[in-house]
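Enquirer: Dropping a structure here in C-alpha cells format, bear with me for questions.
The values are calculated or read from the model by the stated rules, or taken from the named source; none is laboratory data. Nothing here was measured: the structure is a model prediction, and the numbers come from that model. Here Cβ is always computed from backbone atoms with ideal geometry, including for glycine, and neighbour counts include all displayed protein chains. With ligands, DNA and RNA removed, areas are computed over all heavy atoms of the protein, side chains included. Shrake-Rupley method; radii C 1.70, N 1.55, O 1.52, S 1.80 Å.
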Amino acid sequence: LCSYVLGPTGASFDCATNNGNFSVTTPVGCTWSVANTSSWLNVTSGLNYSNSATVTYSVATNPTSIARSAVLAIGTQNFTVTQGGTPCSYALGATSLACNYPGTNGTVSVTAVQGCTWSVVNPSAWITINSGLSGSNSGSVNYTIAANNASSVGRTSVVVIATLPFTVTQTGAPCTYTLGASSATYPYGATNGSVSLTTLLGCTWSVVNTSSWITVTSGLSGTNSGSVAYSLSANNQSIAERSAVLMIDSQPYTITQQGA
C-alpha cells in the first residue's frame with residue numbers, strides 16, 4: 001500500500017521571488033504526481049515521480065500588499081506555501097502645483113500597490129478636495145483652488161496625499177487702488193480734510209504732493225487700505241481760486257480752494 005510523507009509540510013516566504021523544496025517519502029515502486037493549481041507557484045523539478053524524491057519549486061514576486069497561499073498536492077498530502085504581501089508604497093503624478101490668483105481645478109494621480117489604502121490631509125480652507133479624499137489601490141485626487149483675489153500676497157500650502165507632500169503655491173492678485181472721492185473743494189480759509197484709499201491686503205502706496213499750500217499730515221505712505229489726511233493754508237491773499245493734485249499711488253485727487 002503506497003503512502004506518502006512530506007518533509008516539511010509547508011513553507012513561508014516574503015514578497016520577493018524565492019525558491020524552495022521538500023521531500024516526499026514513499027515505499028519503493030510507488031508512483032505519484034504533484035498537483036498545482038497556482039499561477040504564482042511553479043514546480044521546477046517535474047510533476048511525476050516514482051519512489052521517494054525531492055520536489056523543487058519557485059515562488060513568483062507578490063505584486064500586491066495582500067498575503068497569499070497555495071497548495072501543492074501529493075496524493076492525500078498537501079504542501080502549503082504562504083507568501084507575504086509587498087509593503088505599501090505610493091507615488092504621485094505630480095508633487096507640486098503653481099497657479100495664479102484666479103484659482104483653478106486639477107487632478108493628481110496616486111499610484112499604489114494593490115491592496116494599499118491611502119487618504120488625504122488638507123490643512124487649508126482655500127483648497128477643496130472634490131473627490132479622492134481616501135482610496136484603495138491606485139486612484140486620483142480632484143481639487144479646487146479658490147481665487148486669491150482679496151490679497152496681493154501669495155500663499156502656499158502642503159496637502160499630504162498618501163503620506164506624500166503635494167505643495168500648492170498661488171500668486172496674489174495685482175494691486176488696485178480706489179479713492180473715496182476724486183476731488184474736494186474748500187473755502188479760502190485754512191482747513192483740514194481727508195480721503196480714504198481702498199486696496200488689497202499687502203498692497204503698498206505713497207502720496208506725491210507738489211503743492212506748497214497743501215500739507216499731508218498723515219498717510220504719506222501706507223500698506224493695505226487706509227486714508228490720507230491733509231491741511232490747507234489760507235488763500236486770503238488772492239481772490240482767485242487755486243487747485244492742486246495729490247497723486248495717491250496711481251490715483252489723482254484734486255483739491256480746489258476758493259479765493260478770498
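Enquirer: In the stretch 61-84, what count of residues is obtained for those that are touching a residue at least 40 places away in the same chain (Cβ under 8 Å) and open to solvent by 30 Å² or more (accessible area, probe 1.4 Å)?
Expert: Adding up the residues that qualify gives 10.
Enquirer: What is the residue count in the stretch 1-25 for residues that are assigned to a loop (DSSP other than H, G, I, E, B), open to solvent by 50 Å² or more (accessible area, probe 1.4 Å) and of a type in the set (G, A, S)? Show your work before the answer.
Expert: First pass over the stretch 1-25, keeping only residues assigned to a loop (DSSP other than H, G, I, E, B): 1-4, 8-9, 14-17.
This time we only want the ones that are open to solvent by 50 Å² or more (accessible area, probe 1.4 Å), so: 1-3, 8-9, 14, 17.
Among the residues that remain, those that are also of a type in the set (G, A, S) are: 3.
Of the residues in the stretch 1-25, 1 are assigned to a loop (DSSP other than H, G, I, E, B), open to solvent by 50 Å² or more (accessible area, probe 1.4 Å) and of a type in the set (G, A, S).
Enquirer: Tell me which residues, restricted to the stretch 193-214, are assigned to a strand (DSSP E or B), β-branched (V, I, T) and open to solvent by 70 Å² or more (accessible area, probe 1.4 Å). Let's see the steps before the verdict.
Expert: Of the residues in the stretch 193-214, the ones assigned to a strand (DSSP E or B) are 193-199, 201, 204-209, 214.
Checking which are β-branched (V, I, T) leaves us with 195, 198-199, 204, 207-208, 214.
Within the stretch 193-214, T198, T204, V208 qualify.
Enquirer: Here are the criteria: (1) part of a strand (DSSP E or B); (2) out of contact with any Phe, Trp or Tyr (no Cβ under 7 Å at 6 or more places or on another chain); (3) not small (G, A, S). Tell me which single one I239 does not satisfy.
Expert: (1)
Enquirer: Considering the stretch 221-248 alone, what residues qualify as being under 15 Å from N192 (Cα atoms) and either of a type outside the set (G, A, S) or out of contact with any strand residue (DSSP E or B) (no Cβ under 6 Å at 6 or more places or on another chain) (or both)?
Expert: V228, Y230, L232, S233, A234, N235, L246
Enquirer: Which of the strands (runs of 3 or more DSSP E) contained wholly in the stretch 26-142 include at least 3 residues that are under 17 Å from the mean Cα position of the chain (by Cα)? Explain how you work it out, then say what you get.
Expert: Details: elements: 31-33, 41-43, 48-50, 53-59, 68-74, 77-83, 90-92, 96-99, 104-112, 117-121, 127-131, 134-136.
In the stretch 26-142, the matching strands (runs of 3 or more DSSP E) lie at 90-92, 96-99, 104-112, 117-121, 127-131.
Enquirer: Let me ask something else. Mind checking which pairs have a first residue in the stretch 120-138 that is under 14 Å from V108 (Cβ atoms) and a second that is open to solvent by 70 Å² or more (accessible area, probe 1.4 Å) and not polar (S, T, N, Q), Cβ under 9 Å, 6 or more apart or different chains?
Expert: Close Cβ pairs satisfying both conditions: V120/L133; N122/L133.
Enquirer: Hey, can you tell me all the residues within the stretch 26-46 that are farther than 11 Å from S58 by Cβ and either open to solvent by 40 Å² or more (accessible area, probe 1.4 Å) or without any contact (Cβ under 8 Å) to a residue 24 or more places away in the chain (or both)?
Expert: If the condition is that a residue be farther than 11 Å from S58 by Cβ and either open to solvent by 40 Å² or more (accessible area, probe 1.4 Å) or without any contact (Cβ under 8 Å) to a residue 24 or more places away in the chain (or both), then P27, V28, G29, T31, S33, A35, N36, T37, S39, G46 are the ones that fit.
Enquirer: Residue by residue through the stretch 155-186, note down the ones that are open to solvent by 20 Å² or more (accessible area, probe 1.4 Å), in a loop (DSSP other than H, G, I, E, B) and over 13 Å from G103 (Cβ atoms).
Expert: The answer is T163, P174, C175, T176, G180, A181, S182.
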